[in-house]
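The values are calculated or read from the model by the stated rules, or taken from the named source; none is laboratory data. Given the structure is predicted, the values throughout are model-derived calculations rather than measurements. Positions of Cβ are backbone-derived with ideal geometry, glycine not excepted, and every protein chain shown enters the neighbour counts. Protein only, heavy atoms only, side chains kept; ligands, DNA and RNA dropped before computing areas. Shrake-Rupley method; radii C 1.70, N 1.55, O 1.52, S 1.80 Å.
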Amino acid sequence: FQYLKRFDQGYNLDTFCYEAHSVEGSPAECLQQFLLHCGVTDPSWSELRNFTWFLNVQLKDCEASVFCNPDFVQDTLQGF
């Protein structure tokens, strides 16, 4: 949710990193973001769950990768 919210607001996601147990927004805002970004017009709960699970796995892997660390790559992969 935090990544999607910042993406919609035009923030640079290269410098953002999720902090465990941090809470932002309401459950309604969270659901609205998922509905906007999941890519299905009228998704089932199962489709929303799969979307959030997949997105979470990808973002965790991205944060853990040294190649996505802006301090490591500096500006060589801007926008990647």
Candidate set: the range 1-19, residues that are open to solvent by 70 Å² or more (accessible area, probe 1.4 Å) and part of a loop (DSSP other than H, G, I, E, B); chosen: the one modelled with the highest pLDDT: 9
Flag for residue 22 being at pLDDT 95 or above and among the small types (Gly, Ala, Ser): no
Number of positions in the range 27-60 that are loosely packed, with under 15 Cβ neighbours inside 10 Å, part of a loop (DSSP other than H, G, I, E, B) and touching a residue at least 12 places away in the same chain (Cβ under 8 Å): 1
Qualifying position, being more than 14 Å from residue 2 (Cβ to Cβ), open to solvent by less than 50 Å² (accessible area, probe 1.4 Å) and small (Gly, Ala, Ser), among 65, 22: 65
